[in-house]
1. Taking into account only those residues within region 16-42 that are part of a helix (DSSP H, G or I) and at pLDDT 70 or above, which is least open to solvent (accessible area, probe 1.4 Å)?
2. Do the conditions hold for Leu47, that is, is it within 26 Å of the chain's Cα centre (by Cα) and touching a residue at least 24 places away in the same chain (Cβ under 8 Å)?
3. Could you list all residues from region 160-190 that are more than 16 Å from Thr32 (Cβ to Cβ) and without any contact (Cβ under 8 Å) to a residue 12 or more places away in the chain?
4. Can you confirm whether Glu85 is under 33 Å from the mean Cα position of the chain (by Cα), surrounded by 12 or more Cβ atoms within 10 Å (Cβ to Cβ), modelled with pLDDT of 85 or more and acidic (Asp, Glu)?
5. Is it fair to say Glu148 is surrounded by fewer than 15 Cβ atoms within 10 Å (Cβ to Cβ) and of a type in the set (Asp, Glu)?
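The values are calculated or read from the model by the stated rules, or taken from the named source; none is laboratory data. Because the structure is a prediction, the values reported are computed rather than measured. Positions of Cβ are generated from backbone atoms using ideal geometry, with glycine treated the same way; all protein chains shown enter the neighbour counts. Protein only, heavy atoms only, side chains kept; ligands, DNA and RNA dropped before computing areas. Shrake-Rupley method; radii C 1.70, N 1.55, O 1.52, S 1.80 Å.
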Amino acid sequence: MPANPAKRAIILISLVSGLAGCAVFSPRYQITHRYEPPTDPAGTVCLEKCPQKLEMCQQSCQSAYQACLKRIEPLAEERYRKALERYDNELDTYRRRMQSGYPGWGRATLGWGWGSPWGWGGGPYYGLGYSSPFFYEPPPARPNRMREFDRLRYQQCEVECGCQFVQDACFLGCGGRKIIEERCIANCPK
């Protein structure tokens, strides 16, 4: 037997207020890096070489990335070809099921049902049910060559090259300082 609407409202309000009391807004912090350059003239001269080292690292990284893209191209094409074959088989199966009237596949059916006339079981409703043609199972999705290529690119070519580490090592080696600071940015204690 369903609960009284007033009782439901009281239970819902008490649950929501109880959960709201549990929510503690803890402070959020952000970590920042502050760089202080060296103060001596030799350190300043040394720092002039750091952008060149960073650029060399980035160029090397870009070359490796381009080589990786060329290497995965045939593999992506092969995966796409196999995905097309699977798609053709799945599409044939889908078409056969749609034409045969496989239960739940494409043919509108009439029958007796239990629930509401809208199909979500809202109460004791007995009546003639109708499965709408709008509830067909969708056909299989056609593969996409670019999606296969992007998946491989992400798995094999997207690599952090470590150029920030090279930059930091050069900066610190020249006598600079890297200061890590933690600042409160939200719900800060007073």
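1. Taking region 16-42 and keeping what is part of a helix (DSSP H, G or I), we get 16-22, 41-42.
Of the ones still in play, those that are also at pLDDT 70 or above are 41-42.
Working: Pro41: 102, Ala42: 71 Å².
Among residues in region 16-42 that are part of a helix (DSSP H, G or I) and at pLDDT 70 or above, the one least open to solvent (accessible area, probe 1.4 Å) is Ala42.
2. Numbers: within 26 Å of the chain's Cα centre (by Cα): no; touching a residue at least 24 places away in the same chain (Cβ under 8 Å): yes.
Against the criterion (within 26 Å of the chain's Cα centre (by Cα) and touching a residue at least 24 places away in the same chain (Cβ under 8 Å)), Leu47 does not qualify.
3. Answer for region 160-190, where residues must be more than 16 Å from Thr32 (Cβ to Cβ) and without any contact (Cβ under 8 Å) to a residue 12 or more places away in the chain: Glu160, Phe165, Ala169, Leu172, Lys190.
4. Values: under 33 Å from the mean Cα position of the chain (by Cα): yes; surrounded by 12 or more Cβ atoms within 10 Å (Cβ to Cβ): no; modelled with pLDDT of 85 or more: yes; acidic (Asp, Glu): yes.
Spelling it out, it is not the case that Glu85 is under 33 Å from the mean Cα position of the chain (by Cα), surrounded by 12 or more Cβ atoms within 10 Å (Cβ to Cβ), modelled with pLDDT of 85 or more and acidic (Asp, Glu).
5. Working: surrounded by fewer than 15 Cβ atoms within 10 Å (Cβ to Cβ): no; of a type in the set (Asp, Glu): yes.
Judged against the criteria, Glu148 is not a match.
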